[in-house]
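The values are calculated or read from the model by the stated rules, or taken from the named source; none is laboratory data. What you see is a predicted model, and the numbers here were worked out from it, not measured in a lab. Note that each Cβ is placed from the backbone with ideal geometry, even for glycine, and that neighbours are counted across all protein chains shown. All accessible areas refer to the heavy atoms of the entire protein, side chains included, with ligands and DNA or RNA removed. Shrake-Rupley method; radii C 1.70, N 1.55, O 1.52, S 1.80 Å.
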Amino acid sequence: MPLITLPDGSSRIFEQPVSVAQVAANIGPGLARAALAGQVGDMLVDLSHVLDQDTALTLITDKDEAALPLIRHDAAHIMAQAVQELFPGTQVTIGPAIEDGFYYDFARDKAFTPDDLALIEARMNEIVDRDLPIQREIWDVAQAKQTFAGLGEHFKVELIDQIPPDEPVSVYRQGNWFDLCRGPHLPNTGRLPKAFKLLKLAGSYWRGDAGRPMLQRIYGTAWRNKKELKAYLHRLQEAEKRDHRKLGKTLDLFHTQEQAPGMVFWHDKGWQLYLIVQDYIRRTLREQGYQEVHTPQLLDRSLWEQSGHWEKFGDMIFTTHSEHRDYAIKPMNCPAHIQIFKQGLKSHHQLPLRLAEFGSCHRNEPSGTLHGLMRVRNFVQDDAHIFCTEQQILPEVLAFIDLLFSVYHDFGFDDVLIRLSTRPNQRVGDDALWDKAEQALQQALEQRQLDWELQPGEGAFYGPKIEFSLRDCLQRVWQLGTIQLDFAMPARLGASYIAADNTKQVPVMLHRAILGSLERFIGILLEHYAGALPTWLAPVQVAVIAIADRHHTYTQHLTDELRKHDFRATADLRNEKVGFKIREHTLARVPYLLVVGDHEVNERCIAVRRREGTDLGSLSLNALLTHLQADVADLARQSD
């Protein structure tokens, strides 16, 4: 007699085991028609899933956010069925739901074309209209292997070979088509909303291994209704307009080229932006008691072996050789900071010790993943490490959280997502230490009354961590900040301090970053603001535009005065029409345009307009300086 408890606190008792669909029907015919799946604890289950013991159940409809991964997974299966119906002989491999959509990888001799996507999408709509029942079947390994081998599905056979012989194999069938899958799925294809679209083609290696066969990947997106789909496609169009690589070229900020893959050539304006961001972080960290250090680019291989990085990240490390010694071009700063900590005997009175570095790091990222500023091989982090006692973990984490939110606010980001990742199965350190660390991180989040999501088992092998992600104006989420507790590396590299009882103790090491990679953060900034950066960040803040040659002297005078007051100003003395100049500086996203003509020269005033077209009228130089100073002081808090 299972007792089923519903989200509103009510419950129902059934005389015998009951399916999720039967519970929905028991509640009412409207819910029976609307239900897509059930949620038992954190697990989504099919409507056919049988409940044979007391449990809490949430019925999922297309009104629920939890329906999205289910809808996207079904869309992937329907796409795979459509592909195999249209292109017989194509092998299907793996097709998961992902953030904002889904994909499937296919093995086919002939390449798919963009025109094929339209055909596949049309066939998907037909399969939805067929309203095929979707049913879960349980096969044994031998049956599954024989069946898929007989269909020529060699990639599926390889997947089945990884399943222990005594374990059942879950297969989902829709009509005559079926695939290996854990599920869950909708009850029939007709329940899939026609709010999906195939987006693009890409290449991928089987199991992500460059030594394995190349497959063809089809990406798509699926939503609960056409309104959501339309909004998402609009965001994609906006993202295309805001692509930081295009903005980098248009605004003359940076470029990349094949001779240095994954590395950035910063132009003058781009480097000005880079330095503005870096100087802001440098000043902020200094105010928070951090010491800025600088460590070598090359460190002997033995140090990376001792720290554990060589074994874990060896494929990502660039190396060089000199005088019979192997060196690593550093992929991170942590081991080098421990070397600074170890210089001289440290007392507990000197803790916490906060070491920060804008260290240039290199990682051998796969060439196929490189993407403008967002994924590079050479980058600089706003990296810092805090060496502290166990008792200092909580106050240091609290101080870091406050600092992080203040920094994000200054850059114009206030929508922050937080995840707490706890101990993985493979870890170092005893459970008592992990208990203290996890409690300290959770306590810090609770003291600040922050909403957060738990990620059990997702911590690093050396300690738990908090991850901070930003949501930008297009609702995209970017993981940036992190604070990680490390019990392992200080001990492995011989770091210690003298405690209050005169015993030698190993410090706790907090790895922390706010922006993460400066390169990537600048890419995010450019896309969030569509290149129209807040005045304090703009590489050129003011363009002073002369209408004619006779206005050059006053134009240059104004420019010099602005520069004396630390504004980044440029004088446009070119022999071009004033309308052309205004348009060019507007396209360059310069925040303020000052136009100088006869009236301005005679009255010693300035005609001021904003890049978005707002006319601020005629101002004196002092009034302009006051206005600009207030705008810059406000940082990004009241951006365009």
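Observations on the model:
- Here's the picture: charge each Lys and Arg Cβ at +1 and each Asp and Glu Cβ at -1 in the chain, and of Ile127, Gly597, Ala432 the one pushed furthest to the positive end of that dipole is Gly597.
- 0 to 90° range, to nearest 10: angle between helix 268-287 axis and the chain longest Cα axis: 90
- Dipole magnitude (debye, nearest 20) for the range 397-496, charges at Cβ of Lys, Arg, Asp, Glu: 300
- Relative contact order of the range 1-116: 20 percent, from C-alpha pairs under 8 Å at least 6 residues apart in sequence.
- Carbon and sulfur %, accessible surface of the range 437-595 computed with the full protein complex present, 1.4 Å: 46
- Between the labelled values (i) 53.5; (ii) 31.3; (iii) 37.8, the entry that holds mean projected area of the Cα convex hull in nm² as derived from this structure is (iii).
- Cα centre as origin, Lys/Arg/Asp/Glu Cβ charges: the chain dipole, Debye: 1240
- Relative contact order for the chain, counting Cα pairs under 8 Å that sit 6 or more residues apart, in percent: 9
- Whole-percent carbon and sulfur share, accessible surface of the range 177-239, 1.4 Å: 51
- Here the range 31-89 has 51 percent of its accessible surface on carbon and sulfur atoms, given a 1.4 Å probe and all protein chains in place.
- Based on protein heavy atoms only, the chain ends up with 48 Å² per residue of surface accessible to a 1.4 Å probe.
- Summing Lys and Arg as +1 and Asp and Glu as -1 over all other residues whose Cβ lies under 12 Å from the Cβ of Thr559 gives a net charge of 0.
- The alpha carbon centroids of the range 246-300 and the range 104-144 are separated by 46 Å.
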